[in-house]
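Have a look at the structure below, then the notes.
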Amino acid sequence: MKTAQDRYKSYADKKRRPVEFSIGDRVMLKLTEELRSIHNTFHVSNLRKCIIDESTVVPLEEVQVNEKLRYDEEPIKIIDSKVKKLRSKEIPMVKVEWRFHRGPQATWEPEREMREKYPELFAT
């Protein structure tokens, strides 16, 4: 039994790494929904270091947040278009510039879906 416990501990120790926080560090709280209703305290092991890419930060004044504290990504304009060729069919694609988009500000989207969701982009 002792041998099995030692083996398990050695495997667990390989994945464990010490994490230290300093004043001013940004952290995220990893806490399940079930525990939120029980109490508002948590153990430091539930904290994760948060690495922020400053280019993806959106000022709060520009974002309209709904009642669920979420915001909608909005297409600004269509930049480019192309046809993606597969073996048996061709799919028209458009490159869309987004407002409040995570990641790259422009992405390639299927033209059919964009026409259904945002017909105003194709008015001109």
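Within the bounds of segment 27-38, is there any residue that is surrounded by 10 or more Cβ atoms within 10 Å (Cβ to Cβ) and at pLDDT 75 or above?
The answer is yes; a qualifying residue exists.
Quick one: what pairs do we get from segment 36-56, first residue within 26 Å of Arg16 (Cβ to Cβ), second modelled with pLDDT of 75 or more and not in a loop (DSSP other than H, G, I, E, B), C-beta under 9 Å, 6+ apart or different chains?
As it stands, the answer is Leu47/Val27; Leu47/Met28; Arg48/Val27; Arg48/Met28; Lys49/Val27; Lys49/Met28; Cys50/Val27; Cys50/Met28, since those pairs meet every condition given.
Select from segment 1-33 the residues that are in a helix (DSSP H, G or I) and small (Gly, Ala, Ser) and list them in ascending order.
Result: Ala4, Ser10, Ala12.
Just one of Pro104, Pro75, Pro92 is touching a Phe, Trp or Tyr at 6+ places or on another chain (Cβ under 8 Å) and of a type outside the set (Phe, Trp, Tyr); which is it?
Pro75
Is it the case that Glu97 is within 20 Å of Val63 (Cβ to Cβ) and among the charged types (D, E, K, R)?
Yes: the conditions hold for Glu97.
The values are calculated or read from the model by the stated rules, or taken from the named source; none is laboratory data. Please read these numbers as outputs of a predicted model, since none were measured by experiment. We place every Cβ from the backbone using ideal geometry, glycine too, and count neighbours over all the protein chains shown.
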